[in-house]
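The values are calculated or read from the model by the stated rules, or taken from the named source; none is laboratory data. Computed from a prediction, not measured in an experiment: that's the story for all the values here. Cβ sites come from the backbone with ideal geometry, for glycine too, and all protein chains shown count toward neighbours.
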Amino acid sequence: MPPIIQISSLDKYFGRLHVIKNISINVEEREVVCLIGRSGSGKSTLLRCINFLEEPSHGTIEVDGVRVEGGEKGKVHRQLVHDVRLKTGMVFQEFNLFPHMSVLENVIEGPVTVKRMERAKAVALAEENLDSVGMLFKKDEYPNRLSGGQKQRVAIARALTMEPRVMLFDEPTSALDPELIGEVLNVMKKVAKDGMTMLVVTHEMGFAREVADRVLVMGDGEIIEDANPKDLFTQPKDPRTKALIDRYRSGEQ
Amino acid sequence: MNLFNKDTNGNKSQAELLYEAQQRKQNQFRRNVILSWVALLLFLIFLFSGIEIKSGDGVTTVSSWEFQVVIENNREVRKRIESTLLSLPFGFSNQGFDLKTIIVDGEFIRENIDFVAEGILQTIRISILSILFAVALALLAALGRLSANPFIYALSTFYVSLIRGTPLYLQIFFFFLALPQLNIVLTGLWAGVLALGLNYGAYMSETFRAGLSSVGKGQREAAMALGMTPGQTMRRIVLPQALRFAIPPMGNDFIAMTKDSALVSATGFVHELMWRAQKVGRAEFRNMEALIMAAIFYWIMTLLLTSVQSRVETRLARGDR
């Protein structure tokens with residue numbers, strides 16, 4: 001079976017700033033891949049290129065058989081981008097729930113508006129997903145009445161209800177108070193266990209070590225290390241990786 | 001620990017007591033404000049009541065002045081007639097004081113109130129037509145203002161600048177008096193609606209623009225990540241939030257427009273409140289009475305609109321971020 005995500009020779013410039021430098025990676029189906037690295041290393045940009053929230057400057061993105069060349073314009077390109085977005089669910093650092101909609105409305109919005117799913121069917125699916133993230137009891141609340149952790153769990157349910165093939169997480173716990181991080185990580189573990197392919201940009205080394213099948217370390221727009229978590233945490237090769245892991249270790253004690 | 005928990009004795013917690021004290025103070029303030037309002041209103045009514053209080057030569061009298069129709073030399077004339085309400089056998093000696101209030105021609109008001117009141121409907125019609133036109137224009141102008149296309153951006157800013165740079169009064173006359181020279185003849189009503197709509201559209205576009213840019217980038221990104229098209233993102237995610245932001249100032253604009261609709265009377269062909277008040281006031285030289293009538297009608301209308309607006313605002317605040 002071919003890898004579900006194939007990124008080849010990806011480049012991204014912001015003006016003259018070269019933030020992604022010729023990156024190629026593959027992600028297999030059901031794989032959980034964590035992207036770590038110092039801030040400014042390009043990990044969020046790489047993730048956002050996958051569903052074209054950032055348009056890549058060059059290179060190819062292929063998600064579940066949909067192949068899109070970066071840096072193009074026009075109707076065909078827009079259609080391909082749309083197809084890729086339907087195959088990817090995204091969870092943001094700032095949750096980005098729609099404040100004018102209740103929790104349930106937030107979750108059914110995508111299926112009803114984008115996929116033209118019947119409302120009743122969307123509600124059933126949404127309730128199932130809200131239940132699995134433990135937020136069904138708040139389905140009629142508005143987002144402003146929820147804690148950060150609850151908002152993020154709803155955001156995960158919202159992405160899952162689109163039935164994506166791949167889930168992208170962009171620092172999902174970075175905006176949370178420390179005591180709320182656990183509940184979100186637990187939900188993510190559950191999603192991983194259910195067999196979802198996941199790409200997670202995170203600073204949570206513990207999560208990476210425990211849940212990831214593979215960890216990619218980014219530095220200055222390049223992948224500087226690609227290893228399974230056990231090897232990475234015991235014998236990092238690159239000095240920058242070593243620095244990251246040492247900092248994590250010192251924080252742990 | 002919950003600050004609002006009652007302790008085991010069932011006594012109120014300190015926070016609860018503090019909260020109650022604050023509430024009491026607030027309620028007291030509100031009550032006093034209402035009482036003062038009533039007092040001011042009563043004073044105003046008294047000021048126009050025609051009541052005279054005199055005290056002198058050891059007698060105090062309270063009397064009421066009124067205009068009455070009397071026949072004099074075979075002609076009907078309105079004359080001020082005094083009727084004593086109260087006379088007391090004590091008071092200041094010699095000069096004393098004489099307190100007169102303004103005498104309003106009640107007979108004139110009774111005769112003309114129906115005629116002036118008929119203008120309310122026309123005033124409301126102008127306001128509603130104009131506000132609908134203004135909202136549509138304001139939305140287009142605001143979207144144009146956020147457009148990446150230089151021509152559309154220019155069109156929007158040009159319109160706003162031109163309209164805001166010239167008086168509304170001039171614009172009304174332009175549509176009514178200048179356009180006929182180009183063989184475009186508008187009735188007074190449509191000239192007024194066009195001018196008011198264009199004018200308020202220009203001002204409201206700023207409100208809309210602020211509303212649109214109050215919706216964060218993250219909202220658009222979340223919608224896009226779900227696969228929404230730009231149109232769907234605008235309709236389902238951005239506009240509802242922008243409107244919620246823009247509705248309170250829009251309410252203010254609507255109230256202001258209701259009052260500015262009085263300017264349309266200048267065309268002489270739209271028989272709304274102001275026109276009617278001027279007409280009857282001039283005819284019988286009773287401008288004060290006529291304008292007071294119109295003022296009361298305008299005031300009541302804006303009071304009603306304000307209460308509707310505050311109700312809408314509290315509703316909108318419910319699901320807020």
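Here is a yes/no grid of residues against (1) basic (Lys, Arg); (2) under 20 Å from B:Lys217 (Cα atoms); (3) part of a loop (DSSP other than H, G, I, E, B):
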{"residue": "A:Met90", "(1), (2), (3)": "no, yes, no"}
{"residue": "A:Glu94", "(1), (2), (3)": "no, yes, yes"}
{"residue": "A:His100", "(1), (2), (3)": "no, yes, yes"}
{"residue": "A:Val107", "(1), (2), (3)": "no, yes, no"}
{"residue": "A:Gly110", "(1), (2), (3)": "no, yes, no"}
{"residue": "A:Leu125", "(1), (2), (3)": "no, no, no"}
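Which condition number does B:Ala242 fail, the rest of (1) modelled with pLDDT of 90 or more; (2) within 14 Å of chain A (Cβ to nearest Cβ) being met?
Unmet for B:Ala242, out of (1) modelled with pLDDT of 90 or more; (2) within 14 Å of chain A (Cβ to nearest Cβ): (1).
Can you tell which of B:Arg220, B:Arg209 is within 14 Å of chain A (Cβ to nearest Cβ) and either outside any helix (DSSP H, G or I) or under 30 Å from B:Ile237 (Cα atoms) (or both)?
Every option except B:Arg220 fails the conditions.
Counting only residues that are over 17 Å from A:Phe92 (Cα atoms) and among the β-branched types (Val, Ile, Thr), which one in the range B:205-232 is surrounded by the most Cβ atoms within 10 Å (Cβ to Cβ)?
Here is the first cut: in the range B:205-232, the residues over 17 Å from A:Phe92 (Cα atoms) are B:205-214, B:229-232.
Of the ones still in play, those that are also among the β-branched types (Val, Ile, Thr) are B:207, B:229.
Working: B:Thr207: 20, B:Thr229: 14.
Filtering first and then ranking leaves B:Thr207.
Which residues, taken from the range A:87-114, are at the interface with chain B (Cβ under 8 Å from one of its Cβ atoms) and closer than 13 Å to A:Thr161 by Cα?
A:Thr88, A:Gly89, A:Met90, A:Glu109, A:Gly110, A:Thr113, A:Val114
When you look at A:His77, is it part of a helix (DSSP H, G or I), on the phi < 0 side of the Ramachandran plot and not β-branched (Val, Ile, Thr), yes or no?
yes
Name the one entry in A:Ala126, A:Ala122 that is surrounded by 23 or more Cβ atoms within 10 Å (Cβ to Cβ), within 14 Å of chain B (Cβ to nearest Cβ) and modelled with pLDDT of 95 or more.
The match here is A:Ala126.
Could you please give the count of residues in the range A:136-190 that are away from chain B (no Cβ under 14 Å) and within 19 Å of B:Ala225 (Cβ to Cβ)?
Selection size over the range A:136-190: 5.
Looking only at the range B:271-321, how many residues end up being assigned to a helix (DSSP H, G or I) and within 14 Å of chain A (Cβ to nearest Cβ)?
Residues in the range B:271-321 being assigned to a helix (DSSP H, G or I) and within 14 Å of chain A (Cβ to nearest Cβ): 4 in total.
Looking only at the range A:140-167, count how many residues are part of a loop (DSSP other than H, G, I, E, B) and crowded, with 20+ Cβ neighbours inside 10 Å.
3
Name the pairs: first residue in the range B:30-56 and in contact (Cβ under 8 Å) with a residue 60 or more places away in the chain and under 21 Å from B:Val104 (Cα atoms), second residue in a helix (DSSP H, G or I) and β-branched (Val, Ile, Thr), Cβ to Cβ under 8 Å, at least 6 apart or on different chains?
Hits for this filter: B:Phe48/B:Ile292.
Scan the range A:19-58 for residues that are closer than 19 Å to A:Arg209 by Cβ and of a type in the set (A, V, I, L, M) and report the count.
The total comes to 5.
For the range B:49-74, name all the residues that are part of a strand (DSSP E or B), among the small types (Gly, Ala, Ser) and under 11 Å from B:Phe90 (Cβ atoms).
Within the range B:49-74, B:Ser55 is the sole residue that qualifies.
Answer yes or no: is there a residue in the range B:191-199 that is assigned to a helix (DSSP H, G or I), touching an Asp or Glu at 6+ places or on another chain (Cβ under 7 Å) and touching a residue at least 60 places away in the same chain (Cβ under 8 Å).
yes
Only residues that are touching a helix residue (DSSP H, G or I) at 6+ places or on another chain (Cβ under 7 Å) and closer than 20 Å to B:Leu263 by Cα: list them for the range B:136-172, please.
If the condition is that a residue be touching a helix residue (DSSP H, G or I) at 6+ places or on another chain (Cβ under 7 Å) and closer than 20 Å to B:Leu263 by Cα, then B:Ile163, B:Arg164, B:Leu168, B:Tyr169, B:Gln171, B:Ile172 are the ones that fit.
Could you tell me whether any residue of the range B:27-38 is surrounded by 10 or more Cβ atoms within 10 Å (Cβ to Cβ), assigned to a helix (DSSP H, G or I) and of a type in the set (Ser, Thr, Tyr)?
Checked against the condition, which is being surrounded by 10 or more Cβ atoms within 10 Å (Cβ to Cβ), assigned to a helix (DSSP H, G or I) and of a type in the set (Ser, Thr, Tyr), the range B:27-38 yields at least one hit.
Based on this model, can you work out whether B:Ser265 counts as touching a Ser or Thr at 6+ places or on another chain (Cβ under 6 Å) and either over 30 Å from B:Leu177 (Cα atoms) or surrounded by 14 or more Cβ atoms within 10 Å (Cβ to Cβ) (or both)?
Answer is no for this residue.
A:Leu168: of a type outside the set (Lys, Arg) and closer than 25 Å to A:Val68 by Cβ, yes or no?
So A:Leu168 passes the test.
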